[in-house]
Each structure stands twice: as structure tokens, then as C-alpha cells.
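Notes to accompany the following structure.
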Amino acid sequence: MFQRRSRGQKYTFWLRDGFRDGESEERIKSYHRPHRRSSMQKSEYTCDHRPRVYKVFENVAQKYDIMNDAMSLGIHRVWKDALLHVMHPQPGAQLLDVAGGTGDIAFRFLEYIRLQEERQKRRAARSSQTPSWQDISNNYSTEDESRESRAVVCDINKEMLKVGKQKADSLGVSAGLSWVVGDAEELPFDDDQFDIYTIAFGIRNVTHIDQALQEALRVLKPGGRFMCLEFSKVNNPILSSIYDAYSFQMIPVIGEVIAGDWKSYQYLVESIRKFPNQEEFKGMIEDAGFYCVKYYNLTGGVVALHSGFKL
Amino acid sequence: MAALLRGLRAGRTLRGLSSGKTGPTSRVVAAPSAVNPQCSNLNRGFHRAALRLQDESKSDKPPSSSSSSSSSSTTYHEHYQATEHDTAAEASQHDSASDPAAEQPERPNTSYQDQSGEHGEEYETEEQLQSRILTAALEFVPLHGWSMEAIAAGAETLGLSSASTGMFYNGAGDLVLHFIAHCNSQLTEILAEQHKQVQLGQAEPKKTADFLREAVETRLRMYIPYIETWPQAMSILLLPHNIPDSLKHLSSMVDDIWYYAGDRSTDVSGSSLNVRPTTSQMNWYTKRAVLTGIYNTTELVMLQDSSPDFQDTWSFLDNRIQDVVNMASSAKQVQSTGEAVVQGLMGAAVTLKNLTGLNQRR
């Protein structure tokens, strides 16, 4: 789930580690550093890594979905389906998928809404076998009025969006889908636009998570829902040791074999360990101003689904 | 004292408004009530005003509250000035939707002290908000049935996005249980009102059977607007995870009805020694079980009743209550007959003993 990072001007210290050769010592030091975002931010400096990072993601973009399947053994599909089930979007909802890259969440969202609408139509047809004149006239008027549900995929990396667009074309999905280049910390949208904001496996790479959360609060409509799928802490010690072994031994190897990029996937695994745990992240979401914040552990805590409402 | 503190807090909020943040005219109207000690409502109303603001146009933001602060009483004035910065925090949290650019830098610092101070209020507001959404959703039940679509439509009428239905983890069950609780509280109010009338001597106390009949009828009439979708609601209530809650509501309703019918018994055993009306000789559990049975069967009859104004249902109800009364009186008769029979037998035995000379003590 290696997603692009935030805007290229400032990088934190640990970001730098994944990309400079001869910096292995810093890399090890940063791995053992305690998990505090503030300490990481203190060592910010401006450095133009953007072309290099961009190149990395250019390579990764084509193989992104394959890598996801290989690394998670296909379980990432289950996680994303779980996200949709918890979301339970109603027809007419507007989705913003940030760091959406290849559009997995957006496709599932549109499919879910389509099934909902079919179910509703079937139910309506069943109950109104002989519709009254009033029902018929209502049907004429509502066909134009009902809002179409829309999904906007926003990503900082154009290549990922291109791959997503190709996928959409091959699946034949085009209605209600838009692709926008943008930075999670500074979204190019007006206030109160979206019903649901999702960020799946992307918020880990954002430099200023609290800014991203505040942007989420801003673009959501009142009553809107923020949902975040992200790797998190495994509490069970047995599962945790298996997970650690798998992450550090297998994933960089798979990365090298399939995508030809060991370092990026090593960075991925390390950044997962650095991300705050479920309760801390829940606190951050509440601090940003969301209410009714709740999290669900999937696969024993490997992935956590956080949800909050803008009330 | 607590009221004074609440008043101070409300005063602070108003001061925050005047410190340059924006607010709708509804808040200016709310200002005079700041002098009222019952100000916790103001904070909640504040939150709701924030919600309403998010619906209304954000383009015109009237210069809020130099007028409001001047209209408030001078006793609070010095408190306002002292706590200006705190209020900026509160105001910024609530105004987050309307004025993000100016407040984003402040919000991370201020929300910490805010959430701890306002914690109690926020939780109340969340639940109140949920119950408001569910109440609004009841209008859409005839159209969408007892389902998430109805809740989504209800949320939209309040100006919230349909995604807020995610707050209701039990989905349609939440809606049905909310409706039942609402009906029960309405019934309790009506019964309490009648009771008060009787206490004041303005109305005649009713006989128990009549009282029960009218209470059950009043309660069932509340279902009439939703009668077409009521079978769906009943099936939702029968789902295993909803059964504890629905039983709780049912038993509390039945208890309330018996309480207002005059039953104050707390013990299990019925005392049969005194001469009392037949209905009060049944014990606590029997009474409630009987009424539960009457209520449930009448509800089922109502579902398939097609007579005008449900006349068949009410006559069914009458018959059931009459059955219960008859059964109670016949139980008493059996008991007294039994006693009489026993006494007769004892007398016959004594007579026999006398005749056969066994009672002789010589």
C-alpha cells in the first residue's frame, strides 16, 4: 500500500532516509526513534527531492495493484470491501477519495451505490404493481431531480491517476467519476462539498496529518463522514511476531522482484511502524474537530478503520 | 452556583462572538437570554445554531455582537472582558464550518481546553442530535419503511449529509426503538396529566378495567399513522439483538400503566384475607403479564383490522379486558366456593362424629 507523499517542498527526516544512498546509519536511527510526529517535524528542511520521488512513483504506478495483491495476499480487497460496508453510502452521496491513486475505493463506491439503487427500484416496483396516478406523476418528476452520486479521486501523483483512468476505461466505468491532482494538506475544493471523505493507506505518508484532518473537516458537508483505512498496531503478540517477520523479511523482497525497488518497500514497512496506534490516531481525529470517532480493527489490528463525523 | 457558572460560560461564548468571529442573527437573538441562569440550553442552542448556520447562506454574516454585548446586563460585562480568549476558542470550534481560514491556525491549540470543558455538553448534544435526526426520519417512514433510507432522508431535512446515518450502528432498529420510546413517553405524559386531574378533583377516578382499556387504546392509536409499515417494525423488534431493548420498553410501559391505574404493590404475594376488588387481588407479576398479553394480542389484531377507525380492534380489546375481569371474579368465586365447601365438609364430619359418639369425652 505504498502511496505517494505530500507536497514536495518539505520533507521530514525519515523520508530522506529512504532515498539517499550511504545514509543507512540515519535510516536505522530513524527507525528506532520513538513514534512522535513532532520530533520528526522538527527536522524538516527544504530539499528538492520531488523529481526523484516522482520517478519512484512513476515506476510503482504501473505495478501498484499487483504489488498490493502480492504483499497483502489479496486481503487488501477484503479491507476495502469492509470500508464500503461500514460506510453504507446512500444513493446521491458525493465521495472524495484522497490519495486514491488507482481508484479502488471509488470503483467500489460506485458499484455499491448502483446495487443500492437497483434494490430500491426493485422494492418500489414490487410494492406498486398497480401504481396510482399520483405515483406515476411522482415518478416523472423524480427522475430528473435525484442527485447522481459522484466520486472524486484526488491524488498528488499524476501517474497513479493515469493508471486509475486506464482501469476505469477498461472496466467501462465513467459516469460520476473524476480524477483530480491535489495535495491532502491543501485540497483544491470548496468548503462543504462532500458527504464522505476517505483516505485509504495514504494518510501515513502525509507530512502534517493534522493539517490533512483539518482539510477533511473543511471539505465535508455538515453530517459528513471521515473514514480512514490505515495500517496500525497489532496487539496480539503472536500475530505481531508473525506480522513483523513477514513485513521485514518478505515485503522488500517482493518489492525487489516485482517492482524492482527494495528501498521504497523497506521505507513502507518502517513507516507503518512509525504511524500512531489506534487510540492515538483516534485522539488526533477528535482534536481536529470530528465527533463520534470510532475505530474498527481488521485482521487483528493489522489494519484499522477510523470513522468520524462532522457535526 | 452551577447555574451561575453556566451563565458565565454562556457569557464567554457571547464575548467570543463579539471578538470578531461571525455569527448568524439567531445568536444575537439568543443574547438576552444570557442573563437567564438556565444557560446550559444556550450552549446547546449554540451548537444547533451552528448547524442551522451551516444550512443558511454563509455569504452574509451580520456584524454580530457589539449589539449583543451591549444588550446584556452589566453584571456580566466584566466577566465577558476577562475571558475573551477562552471564548474565541469555543466560538472557533463551533464556527469551524463557517470560517475555516481564519480559525485553522488557532484551532489545534484551543480545541484541547475546549473539549475538556465542553465535554459534558458535547455528549448531550450528540445524543440529542441523534434523537432529532430520528424524529425527523419518522416522517419518511411511510415512504421508505423502517430503514436507513428513512434515516438518511430525515438527516437531510435537518441539513446534514446522508453519510451521518453511519452514526446509527443498529440502523433501522435504532429508528424503531426511538419511536417506541417516544410513544411511551407520550403515554406517560397523558396518564400523568389525567392523574393530576383526578388529584385536583377535576375528574372522576375511573374503574380499573376502564382505565386499562383507555390506556391501551391511547397507546395503540399512536401507531395508526404508521400502521402499514408496522409489521416491518415488529419484525425488526424481534431480531435477536433488539429483543432486550424491545422487552425493556414493553415492560416499562406496562408498569407505567399499572402504576397510574393505582397499583402500588411492590411485593409478590397477593393478600387474599382482606375484602378488596377482584382486580387488586392478583399479584404484581400476574397483573403485568396479563396486560402484556392483552396489549400484544390487540396490537396483532390491529395490524389486520380494516374496519373504520379500528372499531374491531377496540371491541376485541373490550372483550379481552372483560375476560380478565371475569376470570378474576370467577377466581374469587372459586376460592370462596372452595372455602364454603370445605366448611361444609368439616361440619358434616363433626356431625358424623357426634352421631357415632366419637366426640364423647366421658
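Each value in this text was obtained by applying a stated rule to the coordinates, not by laboratory testing. Keep in mind it's a predicted model, so treat the numbers as computed, not measured. All Cβ positions, even for glycine, are placed from backbone atoms using ideal geometry, and neighbour counts span all protein chains on display.
Each label point was placed 7 Å from the Cα along the Cα-to-Cβ direction; for B:Thr297 and A:Ser137 their separation is 4.6 nm.
For A:Gly74, the shell of other residues with beta-carbons less than 13 Å away shows a net charge of -2, using +1 for Lys and Arg and -1 for Asp and Glu.
Phi angles of region B:299-312 translate, via the Karplus equation with coefficients 6.51, -1.76, 1.60 and θ = phi - 60°, into HN-Hα couplings of 4, 5, 5, 5, 5, 10, 8, 10, 6, x, 6, 6, 4, 4 Hz per residue; Gly and Pro are given as x.
For region B:277-362, the residue among B:Tyr295, B:Leu358, B:Asn319 whose Cα projects farthest onto the positive side of the dipole built from Cβ charges is B:Leu358. Annotation for A:Ser174 and B:Gln343: the two label points, set 7 Å from Cα along the Cα-Cβ direction, are 9.9 nm apart. Close amide H partners of A:Gly223, meaning residues 5 or more places away or on another chain with modelled amide H under 5 Å apart, are A:Lys310, A:Leu311, B:Ser161.
Using 1/(1 + (r/R0)^6) with R0 = 30 angstrom and r between the beta carbons of A:Leu73 and B:Leu239, what's the FRET efficiency to the nearest 0.05?
Values: r = 35 Å, r/R0 = 1.17.
So, using R0 = 30 Å, E works out to roughly 0.30.
Using a simple spin-label model with pseudo-atoms 7 Å out from Cα toward Cβ, B:Leu143 and B:Ser131 lie 2.5 nm apart.
Within 10 Å of the Cβ of each residue in A:219-232, the mean number of Cβ atoms contributed by other protein chains is 4.
Quick one: of B:Lys332/B:Lys353; A:Lys233/A:Lys282; A:Lys165/A:Lys221; B:Lys287/B:Lys332, which pairs are farther than 20 Å apart, Cα to Cα?
Working: B:Lys332/B:Lys353 31 Å; A:Lys233/A:Lys282 13 Å; A:Lys165/A:Lys221 27 Å; B:Lys287/B:Lys332 15 Å.
Those over the limit are B:Lys332/B:Lys353; A:Lys165/A:Lys221.
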